[in-house]
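S.K.: Have a look at this one.
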Amino acid sequence: MTEDLFGNPIGAPEPASRGGSLGDAVNPSAPLAVRMRPRTIDEIVGQQHLLAPGSPLRRLAEGRAAMSVFLWGPPGVGKTTIASVISHASNRRFVEISAVTAGVKDVRRELDTARRELAAGRPTVLFVDEVHRFSKAQQDVLLPAVENRIVTLVAATTENPSFSVISPLLSRSLLLTLRPLTEADISTLVDRALSDERGLRTPDGDRYTLDDDARADLMRLAGGDARRVLTYLEEAAAGATSSGTDTITTAIIATAADRAAVRYDRGGDQHYDVISAFIKSIRGSDADAALHWLARMIEAGEDPRFIARRLIISASEDIGMAAPSVLQTCVAAAQAVQLIGMPEARINLAQATIAAATAPKSNAVITAIDAALADVRAGKGGEVPAHLRDAHYSGAAALGHGVAYKYAHDFPHGVAAQQYLPDDLAGARYYRPTDHGNEAGIATRWAQLRELLGRDD
């Protein structure tokens, strides 16, 4: 029999209310991540920025509030856990649907039941997992029920709700952003799983021992994901038992994860060293090396949004006008990370990496803006020349504003020779295009334009 997100058999008769039962038994054969799910809000690890006394989330979890919420965060940071805790709040039915499998009819049926239950004095909490997968029509069905508090909606998503949820529904709900779990948070979960009565035990009922190197590898492999670390730990414990030991070692962790332990510390020097190697490999046009460093970051659980941001920067800093379309590719990859998430977005990040690494290179863009900024910071740049000033108001001409301005479209080639820079920077030159890729053609045109502008040097 299959189980729902909380380890309960699907198809079993559902009680009229699942609230007020913090002591509900969990199937002992359920996955470790399900068995170790916090039963109260005080057992939740991480997300302390949302759990202060009197906070909306705490009041909701304690059954003292009825607002609808969207829980936005990466996988394994506690979205389903929070929903589970809320499900045990007193005097409320709890209904769970998945946006992956539920259709409009399913949503309407649950809302109709919620109306009848509310009339009988039993309010309903409706948990929608992966709400970003709901179509606009399905979200529209939820809107009246949320607005009129027929249900208290708790919706979980790994994607930015600003892009995936209709504005009317979002505006009637509280958006709570969950952060990746820290290494300290993950370590707490591991310790709890090794010591708690719901956690891991050897066939003889003893506790497993996790050696220090194995713990370090487990932290790296976790990537801030509680579900992942508990899954690896459970499999490692089974592997230790099969090997006739109750000590979990690095070799056992590596086998359990079905991959070698990645030497990467998201919070330490390796974080900066690997991203530096990644960007320098792109700058050096070595696509193979860039893909290696990308794979290292992905495998270690690096935030894909961080990788995407660095690709966007590189697209202008190291490539620029030599291949301007690379910036569009990198921005599209960043959007893909937001819209579809990992692991699928690894493909988009790889495409952007290859596009950036194989593109012709130019640093003329960053050199140009930095040179212009240096002059401004040095105090250079006088008043705007009178002929360039705003002339769209009464009295502007009397002040000389806009007088003698030459409209570029009235001149051959659409170029009007006149002074565009302040007087003290009239001879300044910032953009110096290279002869690489697309920028070679720009260099030719820029030389022609400077000649037409009377600024040929």
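The values are calculated or read from the model by the stated rules, or taken from the named source; none is laboratory data. Treat the numbers as computed from the prediction; the structure is a model and nothing was measured. All Cβ positions, glycine included, derive from the backbone under ideal geometry; neighbour counts span all protein chains shown. Areas reflect the complete protein model, heavy atoms only, side chains present, ligands, DNA and RNA absent. Shrake-Rupley method; radii C 1.70, N 1.55, O 1.52, S 1.80 Å.
S.K.: Putting +1 on Lys and Arg Cβ atoms and -1 on Asp and Glu Cβ atoms, find which of I248, Y208, L230 reaches farthest to the positive end of the dipole of the range 183-265.
M.R.: Projecting each Cα onto the dipole axis, the largest value belongs to L230.
S.K.: Another question about this same structure. Accessible area per residue of the chain at 1.4 Å probe, in Å²?
M.R.: 50
S.K.: Here's another thing I want to ask about it. Which Cα, out of A374, S316, L142, lies furthest along the positive dipole direction of the chain (beta carbon charges, K/R +1, D/E -1)?
M.R.: About the Cα centre, the residue reaching furthest to the positive side is L142.
S.K.: Quantify, in whole percent, the carbon and sulfur part of the accessible surface of the range 335-457 (1.4 Å probe; protein heavy atoms only).
M.R.: 57
S.K.: Taking R0 as 35 Å, what's the FRET efficiency between I347 and D106 from their Cβ-Cβ distance, rounded to 0.05?
M.R.: About 0.65, to the nearest 0.05.
S.K.: At R0 = 35 Å, how high is the FRET efficiency between K406 and S325 if r is their beta carbon distance? Nearest 0.05 is fine.
M.R.: E(calc), rounded to 0.05, equals 0.60.
S.K.: Between S276 and S135, what length comes free when the chain is fully extended (0.36 nm per residue of separation minus the Cα-Cα distance, one decimal in nm)?
M.R.: Gain in length upon complete extension: 46.8 nm.
S.K.: Now, a different point. So if R0 is 25 Å, what FRET efficiency would D206 and A52 give, r being the distance between their Cβ atoms, rounded to the nearest 0.05?
M.R.: Working from the Cβ atoms, E equals 0.05.
S.K.: About the Cα centre of the chain, what is the dipole size in debye to 20, counting +1 per Lys and Arg Cβ and -1 per Asp and Glu Cβ, all else neutral?
M.R.: 1380
S.K.: Restricting attention to the range 299-348, which GluC sites (Glu not before Pro) occupy a DSSP loop and are surrounded by at most 14 other Cβ atoms within 10 Å?
M.R.: Filter output for the range 299-348: E344.
S.K.: For T177, what charge total do you get from the other residues with a beta carbon under 15 Å from its beta carbon, if Lys and Arg give +1 and Asp and Glu give -1?
M.R.: Overall, the nearby charge balance is +1.
S.K.: Work out the charge dipole of the chain with +1 on the Cβ of Lys and Arg and -1 on the Cβ of Asp and Glu about the Cα centre, then indicate which of A295, T40, L126 is farthest towards its positive end.
M.R.: The listed residue farthest towards the positive side: L126.
S.K.: List the lysines whose Cα sits under 18 Å from the Cα of K280, skipping any in the same chain fewer than 8 residues away.
M.R.: K361
S.K.: Once you place label points 7 Å from the Cα toward the Cβ at D424 and Q448, how far apart are they in nm?
M.R.: Going from the D424 label point to the Q448 one covers 3.6 nm.
S.K.: With bins 5 Å wide starting at 0, give me the P(r) of the range 47-177 over every alpha carbon pair, in whole percents.
M.R.: Calculated over all Cα pairs of the range 47-177, the distribution is 2, 11, 23, 26, 22, 12, 4, 1 percent.
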